[in-house]
Amino acid sequence: MVKLTELTSRYWIKLSLFILLAITILSLHPLESLPEAPGTDKTHHLIAYAALAFPTALRKPKRWPIIIIFALYSGLIELIQPYANRYGEWMDFLANISGLLVGVMLAFSTNKLTKRAQ
């Protein structure tokens, strides 16, 4: 686990940008119907945004402005989606915010566990 934490800490910017790009493409690419995937749409939002927040919060735990920018960006995506033949929903936005909070909490816990292990 320490190796994974070290890699995430080292490449947090690249990892965050890759996840942000993936979220953007998956959120704005027009679909005729939603693909079959286990779980609910809200669960997918929560997991995606937790994954987005985790590297930043792990490396820069006091950088709340970055997490707030991610939150604003998720709201912007929800506003743009109707123009890309998608549905923008407030509940998706709430799932995104919840995911960001989960990612921050997981990073906080990981940092504590890593410090204990050393």
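Some notes on this structure:
- The residue list Ser16, Ser27 contains one member that is within 12 Å of the chain's Cα centre (by Cα) and of a type in the set (S, T, N, Q), which is Ser16.
- Scanning the range 67-101 for residues that are aromatic (Phe, Trp, Tyr) and closer than 16 Å to Ala22 by Cβ yields a total of 2.
- For the range 21-66, a residue qualifies if it is over 17 Å from Gly88 (Cα atoms), of a type in the set (Val, Ile, Thr) and at pLDDT 95 or above, and exactly one does: Ile47.
- Any hit, the range 44-65, residues being of a type in the set (A, V, I, L, M, F, W, C) and either without any contact (Cβ under 8 Å) to a residue 40 or more places away in the chain or in contact with a strand residue (DSSP E or B) (Cβ under 8 Å, 6 or more places away or on another chain) (or both): yes
- In the range 7-33, the residues that are touching a Phe, Trp or Tyr at 6+ places or on another chain (Cβ under 9 Å) and among the small types (Gly, Ala, Ser): Ser16
- Considering the range 1-114, the qualifying helices (runs of 4 or more DSSP H), each wholly inside and each with 2 or more residues that are crowded, with 17+ Cβ neighbours inside 10 Å and polar (S, T, N, Q), run over 2-10, 12-28.
The values are calculated or read from the model by the stated rules, or taken from the named source; none is laboratory data. For clarity, every value in this text was computed on a predicted model and none was experimentally measured. Using ideal geometry, Cβ is built from the backbone for each residue, glycine included, and neighbour counts are taken over all protein chains shown.
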